[in-house]
Amino acid sequence: MLKIMFSAGEPSGDLHGASLAKAVLEKCPDAELIGFGGPQMADAGVRLCADMREYSVMGVWEVIKNIRRIFLLLNRLCDFMRSEKPDLLVLIDYPDFNWRLAAKAKAMGIPVFSYIPPSAWAWRKGRARKCAAVADELVAIFPFELPVYEAAGANISFCGNPMLDTVKASMSADEAKKYFSVSPEAVPVLLLPGSRRQEIAKLLPPMLDGAKLLQEDNPQLEFYLPVAPGISQDFLEEFAGDCGVVIHYTRDHTYDLMNICQFAIATSGTVVLEAAIMGLPCVALYRMAPLNYAIGKLLVDIDYFTLPNILAGKEVQKELLQDEVTGAEIFRQARKYYASPDYRNMVIDGLAAAVKQLGEPGAASRVAERIIAAARDNGAELEVNQ
């Protein structure tokens, strides 16, 4: 019987792991899935040795405080692997922990499959060589990740991006406007300040300064701000309370909101790619401490910092970095999206071309096929549904 061990230590990895688990079980209903993950993986049929929610920490200091528990977890998973003898270990992102686990699996003779390997394309390119030496197979979720790993001798492929299966509207535009109480004459605009308190504190104030200038220029604009999990509305209102703009806070159906908004002002991150998939143009922002920025400039080798522009190989939508992030500049760039329909359409076309680089939907099914094939190569006895 096929036995696969998964390891995912973050909410995004739990989501991807659940999709892979479902796809594997659709093809091999008798497969036994075990490992380290969260509630979504458990619901998808993975028998968890440990629940990631008990080990979720963020920030250098939190990691240092919990380092003993983290190493105890590593030992626990190693003992689990030794007793369960899985046919394959599947790593899902979470690189600092997972690649330590992978080295232990390699020493036990357990093949290693990496899904969403470390971002060696952008910085610390030497990681590609180390990963290639440990992993029997790697699958990336962006096509531009392949060259640095191929140069390092890795067996790596690109099977599409899983976001194409999850980022989609659940209601029509008319239903969404009714759901969010958008009046017929309103022009909805999305503010996406991020999901971490530190980045919100740096970027929401200039966003709001820009929003005020935009609304003064076009009173029909109405601003919507999804409240990220783990962030209280009270925290957001500390910045927005006296900004001079009415903010509509939302908590669900963000993709439906993206589907009806004219444009977004967004902190750089996954959400900018989600917006691109939904055809929503953005002004993308990022700001960090000056020392961190100086160090990053030395270490990171990229021309653009948002994923749609990286995929396109050019700036299809405006990025504002560091001192460029001001209310006046946000206003100047965002205004183009309603003042110049041709400009907005050009950006939307550029985003569509960038999203095409992500391949076709169904990535989880294709990756599951590779996982099953890797287990078969290790001698697992499989009965696969065609």
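FYI, it's all coordinate maths here, none of it is from the lab. Note that the structure is a prediction, hence the values are computed from the model and not measured. Every residue, glycine as well, gets a Cβ built from its backbone with ideal geometry; the counts of neighbours run over all protein chains shown.
Please return the longest range in the chain lying between exposed loop sites, taking GluC sites (Glu not before Pro), DSSP loop only, at most 12 other beta-carbon atoms within 10 Å, and leaving the sites out.
On the way: sites that count: E185, E381, E383.
After excluding every exposed loop site, the longest remaining stretch is 186-380.
Given +1 on the Cβ of Lys and Arg, -1 on the Cβ of Asp and Glu, and no further charges, what dipole in debye does the chain carry about its Cα centre, rounded to the nearest 20?
Charge dipole of the chain: 1180 debye, to the nearest 20.
Lysines near K202 by alpha-carbon distance under 19 Å, same-chain residues fewer than 8 away left out - which ones?
Within the straight-line limit of under 19 Å, K202 reaches these lysines: K212, K318.
So how do Y149, Y249, Y255 line up by other beta-carbon neighbours within 10 Å, fewest first?
By the 10 Å Cβ count, ascending: Y249, Y255, Y149.
Mind listing the phi-derived Karplus ³J(HN,Hα) values for the range 13-30, rounded to whole Hz, using 6.51, -1.76 and 1.60 with θ = phi - 60°, and x for any glycine or proline?
Karplus values, whole Hz, x for Gly and Pro: x, 4, 5, 5, x, 5, 5, 5, 4, 4, 5, 5, 5, 5, 8, 9, x, 8.
Suppose the chain between R129 and K106 were pulled fully straight at 0.36 nm per residue; how much longer would it get relative to their current alpha carbon spacing?
Values: separation 23, 0.36 × 23 = 8.28 nm, distance 1.54 nm.
Result: 6.7 nm gained on full extension.
If we count other beta carbons within 10 Å of each Cβ, what is the order of R68, R100, fewest first?
R68, R100
Looking at the chain, what % of the alpha carbon pairs are farther apart than 34 Å?
Value for the chain: 34 percent of Cα pairs lie more than 34 Å apart.
Under a cut-off of 17 Å between alpha-carbon atoms, report the lysines in cross-link reach of K106, not counting same-chain residues fewer than 8 places apart.
K3, K85, K130
Report the gain in length on full extension from M346 to K178: 0.36 nm times residue separation, minus Cα-Cα distance, nm rounded to one decimal.
57.6 nm
Cross-link partners among lysines for K178, C-alpha distance below 22 Å, same-chain residues fewer than 8 apart left out?
K168
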